[in-house]
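Shown next, in structure tokens, is the structure this report addresses.
Bear in mind these aren't lab numbers, they're just calculated from the coordinates by the rules spelled out. Worth saying up front: this structure is predicted, and the values here are computed from it rather than measured. Cβ: placed from backbone, ideal geometry, glycine included. Neighbour counts: every protein chain shown.
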Amino acid sequence: MRYRTCLRAALGVALLALPFAGCATLGGANYVSLEQEWQMGQQIEAQLASELDLVNDRTLTNYVNRIGQQLVRQTTLGNRPWRFYVVNDDRVNAFNVPGGLVYVHTGLIARAGSAAELVGAMAHEVAHGALRHGTRRMSQAYEANVIAGAVLGRNPGIAQQVAAQVVATGAFARFSRADENEADRIGVPIMAQAGYDPEGLARMLERLLEDNQRDPGAVGRFFSTHPTTRERVANVRALARSVNRSGLRMNDGDFAAARSRAQRY
Ligand code: ZN
């Protein structure tokens, strides 16, 4: 795709849903600085606050935030402010937005069989954020000057468009299979270092795969953004079994209360 076409695509409403192959890119370069990323995150966060039904229940939000912060501390971006939100939505889903933002649906918490299953899904999202997959995708779609100007404040419409995209598709960007594998590969040690058994991520994926086979619509939103196959489950399980799991836990004292709250939504 030539630059002008790319630019037009980038400024279109469905900008991040477009396949980016062919747009100007320097082999996975990231044109978005960390400062810009966190600044952009604030704009999208404000927009999403008015468009998503965010849960205020302290039992639930404190629990998710505590786990999230534990995970973030295991990453190289642990010195930046990250924020975790619970969305009142019974569809199974979680997603990362650039700038240290992670959104977890009540439907995902309600469906988790143990704390480690929920932590596994969150560790995968934190890994996407720490690996900066979202801004790398953006860098493939936008020229550097477009990112510096249009995205970051000079065109507030972009934050609105990104938020609309998130609401419509349940994700900031459609990541590549390689991004997904990388988020699994990094998510496993992140959750292990936070004290949770990474077998939880394999079990969560397995549970959703089975749900999807029983009822293909049940976890459609999650599967559209996180293609899950038996092979992926097997890969994650092998990764989980390659770390030292002694002393790691599948559960904690607060998970059951948080899940029953999520199930009431
Ligand atoms: Zn993912």
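Numerical summary
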quantity	calculated
Under-5 Å amide H pairs with Arg249, H placed in peptide plane, nonlocal only	Tyr196, Asp197
Burial ordering of Thr229, Thr59, fewest other beta-carbon atoms within 10 Å first	Thr229, Thr59
Relative counts (whole %) of C-alpha pair distances in the stretch 164-214, using bins that are 5 Å wide	5, 17, 15, 21, 24, 14, 5, 0
Under-5 Å amide H pairs with Leu52, H placed in peptide plane, nonlocal only	none
HN-Hα J in Hz across the stretch 32-43 - Karplus 6.51, -1.76, 1.60, θ = phi - 60°, x for Gly and Pro	8, 6, 4, 4, 4, 4, 5, 5, 5, x, 4, 5
Contour minus Cα-Cα distance for Ser246 and Asp90 (0.36 nm per residue)	52.8 nm
Sorted peptide list for 97-106, 173-182, 189-198, 49-58, criterion being average Cβ within 10 angstrom, highest first	97-106, 189-198, 173-182, 49-58
Spin-label model distance (nm) - Gln42 vs Val167, 7 Å beyond Cα toward Cβ	2.3 nm
Estimated distance in nm for a label pair at Ala234 and Arg177, the labels positioned 7 Å out from Cα along Cα-to-Cβ	1.4 nm
